[in-house]
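The values are calculated or read from the model by the stated rules, or taken from the named source; none is laboratory data. Since the structure is predicted, the reported quantities are computational estimates derived from the model, not experimental observations. Virtual Cβ from ideal backbone geometry, glycine too; neighbours counted across all protein chains shown.
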Amino acid sequence: MLVLPKGLRHIPGHLDREQQASLVEDIRAVVRQAPLYRPEMPRSGKPLSVRMTNCGELGWVADKRGYRYQERHPVTDAPWPSIPARLIDIWMDLTGESRPPQACLVNFYDETAKMGLHQDRDERNLSSPVLSVSLGDACLFRFGGTERRQPTRSFRLESGDIVILGGESRLAFHGVDRIYPATSTLLKDGGRINLTLRRVDP
Ligand code: SIN
Ligand code: MN
């Protein structure tokens, strides 16, 4: 049995295949309006391996100037499309929050992409949880404590899984070590989509 730190919830297989396929259609519609782009690391300007876009009133962006939430797509300058209703339903069902999410970050990982260990702390609201949905190829997800030097552990996330970082784990370090190529047939060209729902304002 894997014992997770307090406030970290992993719900394997929460979404069945049909729900996953419907969500992929929703995300395709989002990406048609708000194309995936490659964000850059602050200062160095080095591109991340993950491509990103957002939906919701606010979107999370990274560029040479830093990390922040903003109302517009950094390349097209258009407002972000709204969050698909079925994602809002998942948030309302699982988080116990009375208000809907304000931001949904869409991460796309090809088979070589990964995400270094980090905390989600650009939100002014750190009391609402972060809810993430995995679609497509499996990945190795790593998490630790609220300080970088604390030990970490990892587990596999499959298509349809949900992870919630809340309570004492809201600021837990986490990242994606690797993608397992060709472990899902959900996305016709392979890869992994991660959707991260958050409230930004208190
Ligand atoms: C993230 O921390 O932004 C993404 C986590 C994931 O891809 O599962
Ligand atoms: Mn994160």
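A single member of Ser154, Ser98 is surrounded by fewer than 20 Cβ atoms within 10 Å (Cβ to Cβ), within 14 Å of ligand 1 (Cβ to nearest atom) and more than 16 Å from the chain's Cα centre (by Cα), and it is Ser154.
Restricting the range 163-196 to residues that are among the basic types (Lys, Arg) and within 14 Å of ligand 1 (Cβ to nearest atom), the residue that is surrounded by the most Cβ atoms within 10 Å (Cβ to Cβ) is Arg192.
What is the one condition in (1) in contact (Cβ under 8 Å) with a residue 60 or more places away in the chain; (2) surrounded by fewer than 17 Cβ atoms within 10 Å (Cβ to Cβ); (3) in contact with a Leu (Cβ under 9 Å, 6 or more places away or on another chain) that Leu126 does not satisfy? All conditions pass for Leu126, except number (1). Picking from residues in the range 166-179 that are of a type outside the set (Gly, Ala, Ser) and closer than 21 Å to Leu36 by Cβ, the one that is nearest to the chain's Cα centre (by Cα) is Val176.
Figure legend. Inter-residue proximity from the range 83-101: first residues more than 20 Å from Asp16 (Cα to Cα), second residues among the aliphatic types (A, V, I, L, M) and not in a helix (DSSP H, G or I), beta-carbon distance below 7 Å, spacing 6+ or different chains. Indicated pairs: Pro101/Ile83; Pro101/Leu197. Of all residues in the range 23-44, at least one satisfies being of a type outside the set (A, V, I, L, M), surrounded by 15 or more Cβ atoms within 10 Å (Cβ to Cβ), within 18 Å of the chain's Cα centre (by Cα) and in a loop (DSSP other than H, G, I, E, B). Only one of the numbered conditions (1) at pLDDT 95 or above; (2) loosely packed, with under 15 Cβ neighbours inside 10 Å is violated by Ser134, and that is (2).
Yes or no, residue by residue, for (1) farther than 23 Å from Glu18 by Cβ; (2) away from ligand 2 (no atom under 13 Å from the Cβ); (3) of a type in the set (Asp, Glu):
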{"position": "Leu105", "(1), (2), (3)": "yes, no, no"}
{"position": "Asp110", "(1), (2), (3)": "yes, yes, yes"}
{"position": "Asp120", "(1), (2), (3)": "yes, no, yes"}
{"position": "Ser132", "(1), (2), (3)": "no, no, no"}
{"position": "Thr152", "(1), (2), (3)": "yes, yes, no"}
{"position": "Gly160", "(1), (2), (3)": "no, yes, no"}
{"position": "Val163", "(1), (2), (3)": "no, no, no"}
